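Right, one structure below, let's go through it.
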Amino acid sequence: MDNLSILQRRNKLFVKIIWIMVAMGVVTDLMIGVETSMLITLIAVGGICCSIATYMTYFNKGTRYVMFVIPTIASLLTFLLIYQDPEPLISTYLLVYVNIGLMTLYSNYKPIVFAGVLGLILTTYFYYTPFFHDKMFSREPLSYLLLFLIFATVALAFAARFSERLQKTVMDKQRDTELAKQRGDEILARLQTSLEVLNRLSGQLRDNVNVTGSISKEITVTFGSVSATMERQTHGLQDTAKSVHEVEDIVENAADSSTTLQQLSREMLQNTEAAGSRMSSLSDKIHNLQSVISATVTQMNHLSDQNQQISQIVDTIQGISKQTNLLAMNAAIEAAHAGEHGKGFAVVSAEIRKLAENSRQATDLINNILADVINKINNVAEQISVGHEAIDIGKEEAKEVQAYVGKVGDNALSVSQQSDNVDGSVKQMQENYARIMSEVLSVAEGTEHNMSATEEILAGIEAQDAKIREIVQHYEDLDNLILSLSKLASQDNKEQAAGSKA
């Protein structure tokens, strides 16, 4: 049920209540003997207002606004009851609180607040009217009356707000429950259909699995016999492969020895050729060294001649230095004879004398150095002469060694050729044995592979046979489960049918 339907039902209830209030007001006026005009006014006003509310309620015209029309009519009736009573009572005024309390049936704070506002207006009006103030509120201050009315309105408004939220929550839960029930019914219907399909499939699969199980047993027995035969063939090929392996090891050892011999002969030939080239290079270098030494001897002799020339030049410089020293002494003597006029000349002669002395010392030092250099040049020349003779002897011996190396190279070349022939034969024999070994191993590997594949197939078939037995057992359990679910679904359908009839 939605909110609009609930609101419409509540509007209908309030329409009945205001009609009852009009009727009670008319009865009350008749009992107290009010004037006929006032009675007619009450009947006319109350009837028109109630008719408007009835029309809006039962013809769905402004259903959401009826909650505001009802408190207006109730307040108007309360006003007429108090206004037409010649002896108004405070109990009649309490209809204002009754009006506010009745609005809580809407579970909406808006009509409660609206009824409270109308009550404040009525209270203020009657309080400030002297006649009604003296009859009903002679001992009550207005602030108390308004405060009580506000407290009541606020409290009922909060209560209605809480009730509205609670009602909304309950309706949401109810809607979710209905949706869940619908989904459950749909799932149950689908489950029943699925159970029927599963029941048919289960029967067909059970028959197929039984046939598959019998075939699997026959295949298992056949593959068992094939596996035994393959195992015997595999053992025979393994023995053959071992023998071939032993022969191959012998051939490999011979091939290794031949390869080693070939490598050694090649290395010896290479070393011999390298030694020959080295000896040729050494002979050339010795010849070059001999030429260099000869040139060096020539240069040393030339250097010795130049040193002697330098020595003569130094002797000449030394003689000039001695003459300069004598001249300086004579100049000093002449300066002493000249007295004061020869002092400047004496200073110059002293400096010339010092310069001559320094030149003499320098020439002495150069003579010493040249003498030492000449001695060392002579020694080096003697050593070079000795080296030149040794080089001549080494050159002759190098030629002899080069001849011996050439002979050894020829022998090494012959050994290398023989080693190549032996290595070719061994390699050919090794290739033949390798081809035989490859074929034997290929057959052995194929047999072992077939044996392994047969064992794997046999194991797979045995596992498949066990799985098929498990599947048969599972299908029996599935049949039992389907039967129990079918019974449960049938029972639920019967209960739903019985509930719908009730």
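Observations on the structure shown:
- The packing ranking of peptides 58-71, 356-369, 105-118, highest mean first, is 105-118, 58-71, 356-369, where packing means the average number of other beta carbon atoms within 10 angstrom of each residue.
- Both radii were evaluated on the Cα set of the stretch 277-376; the Rg over Rh quotient, with Rh as the Kirkwood radius, amounts to 1.45.
- Relative contact order %, the stretch 31-88, counting alpha carbon pairs below 8 Å whose residues are six or more apart: 43 percent
- Accessible surface, per residue, of the stretch 1-116 when the full set of protein chains is kept, probe 1.4 Å, Å²: 51 Å²
- Between TYR58 and SER294, the modelled label-to-label distance comes to 15.7 nm, taking each label 7 Å out from Cα in the direction of the beta carbon.
- Between SER143 and LEU120, full extension at 0.36 nm per residue minus the direct alpha carbon distance yields a gain of 7.2 nm.
- Taking Cβ atoms as reference points and 11 Å as the exclusive limit, the residues near ASN367 contribute a net charge of -2, counting Lys and Arg as +1 and Asp and Glu as -1.
- 31 Å Cα-Cα threshold exceeded, pairs from LYS61/LYS110; LYS16/LYS181; LYS61/LYS135; LYS354/LYS376; LYS110/LYS181: LYS16/LYS181; LYS61/LYS135; LYS354/LYS376; LYS110/LYS181
- Rounded to 0.05, the FRET efficiency of the LEU179 and SER490 pair, given R0 = 25 Å and the Cβ-Cβ distance, is 0.50.
- Whole-Hz ³J(HN,Hα) from phi, Karplus 6.51 cos²θ - 1.76 cosθ + 1.60, for the stretch 50-55, glycine and proline x: 5, 5, 4, 5, 5, 4
- FRET efficiency, 1/(1 + (r/R0)^6) with R0 56 Å, evaluated for GLN309 and LYS407 via beta carbons: 0.50
- Counting protein heavy atoms only, the stretch 1-138 has 70 percent of its accessible area on carbon and sulfur, 1.4 angstrom probe.
- Modelled spin labels at ALA338 and ASN378, positioned 7 Å past Cα toward Cβ, are 4.9 nm from each other.
- Phi to ³J(HN,Hα) by Karplus 6.51 cos²θ - 1.76 cosθ + 1.60 over the stretch 158-174, Hz, x for Gly, Pro: 5, 4, 5, 4, 5, 5, 5, 5, 4, 5, 4, 4, 5, 5, 4, 5, 5
The values are calculated or read from the model by the stated rules, or taken from the named source; none is laboratory data. Only a predicted model underlies this, so the values are computations on that prediction, with no experimental measurement involved. We place every Cβ from the backbone using ideal geometry, glycine too, and count neighbours over all the protein chains shown. Just so you know, the surface numbers come from the protein's heavy atoms only, side chains and all, with ligands and any DNA or RNA stripped out. Shrake-Rupley method; radii C 1.70, N 1.55, O 1.52, S 1.80 Å.
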